[in-house]
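The values are calculated or read from the model by the stated rules, or taken from the named source; none is laboratory data. Just so it is clear, the model here is predicted, and its values are computed rather than measured. No Cβ is skipped: glycine too gets one built from the backbone with ideal geometry, and neighbour counts run over all protein chains shown. When the accessible area is computed, the model is the full protein with side chains, heavy atoms only, and any ligands, DNA or RNA have been set aside. Shrake-Rupley method; radii C 1.70, N 1.55, O 1.52, S 1.80 Å.
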Amino acid sequence: STLSRKEALAEAVEEAAREAMSLMRMRPHACFVFLSAAYLDSAGPRLPGLAGALRAAVPEGVPLIGCTGTAIIGTEHSTTPIELEESDGPAVSVSLGYFASAATVELLSVKIHQGRQGRVQLRGEAPAFAPDSQCILLATPTDDPADVVDALGAATPGLQVCGGLASGSTRNAV
């Protein structure tokens, strides 16, 4: 993950994305963007310039995935990761993903609920994953990531899941 602390959202996003692309040796399959909620104060919930700044640095067709958060983690012109809290001011982190066995990256949203006997289950139809698929989970603060992993695992045996809590900000956007 690369990090930028520029005050202007579009400049910060483009700087972090260009730095991340300079570290990639191949075309990424996905681009993950995490913004501190400080940008919402100045830019508002629509975050003007965000997509354009990303598209200026990341190849066309690469899915853009992201959210706001209270802590943003990344590297800033070094190899040592740092964590910036909301009180540290604006920050943008960009991570690029390359999945050796992935032909496509699909974005989906799942909902969970307490089923019979207190077991957590997917609400509605389970997503259709190919055998030995991989899933990157970005859970909301209202969902326990372990519950979502359990529900996905029960619905789709063999699914490999990684990820965690996507946003700790009470002022979520993106």
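Yes/no per residue for (1) part of a loop (DSSP other than H, G, I, E, B); (2) of a type in the set (Ser, Thr, Tyr); (3) open to solvent by 20 Å² or more (accessible area, probe 1.4 Å); (4) at pLDDT below 85:
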position	(1), (2), (3), (4)
26	yes, no, yes, no
31	no, no, no, no
39	no, yes, no, yes
46	yes, no, yes, yes
67	no, no, no, yes
101	yes, yes, yes, yes
104	yes, yes, yes, yes
125	yes, no, yes, yes
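In this entry, residue 157 is excluded by the filter for residues that are touching a helix residue (DSSP H, G or I) at 6+ places or on another chain (Cβ under 8 Å), in a loop (DSSP other than H, G, I, E, B) and modelled with pLDDT of 65 or more.
For residue 58, are the conditions met, namely being touching an Asp or Glu at 6+ places or on another chain (Cβ under 9 Å), open to solvent by less than 80 Å² (accessible area, probe 1.4 Å) and at pLDDT 90 or above?
Details: touching an Asp or Glu at 6+ places or on another chain (Cβ under 9 Å): no; open to solvent by less than 80 Å² (accessible area, probe 1.4 Å): yes; at pLDDT 90 or above: yes.
No, not satisfied.
Filtering the range 10-24 to residues that are modelled with pLDDT of 90 or more, farther than 15 Å from residue 59 by Cβ and of a type in the set (Gly, Ala, Ser) leaves 12, 16. Taking each residue of the range 1-18 that is acidic (Asp, Glu) and looking for partners that are open to solvent by 40 Å² or more (accessible area, probe 1.4 Å) and assigned to a helix (DSSP H, G or I) with beta-carbon atoms closer than 7 Å, six or more apart or interchain, yields 14/56. Taken as a whole, the range 77-93 holds no residue that is hydroxyl-bearing (Ser, Thr, Tyr), out of contact with any Phe, Trp or Tyr (no Cβ under 7 Å at 6 or more places or on another chain), within 14 Å of residue 3 (Cα to Cα) and in contact (Cβ under 8 Å) with a residue 24 or more places away in the chain.
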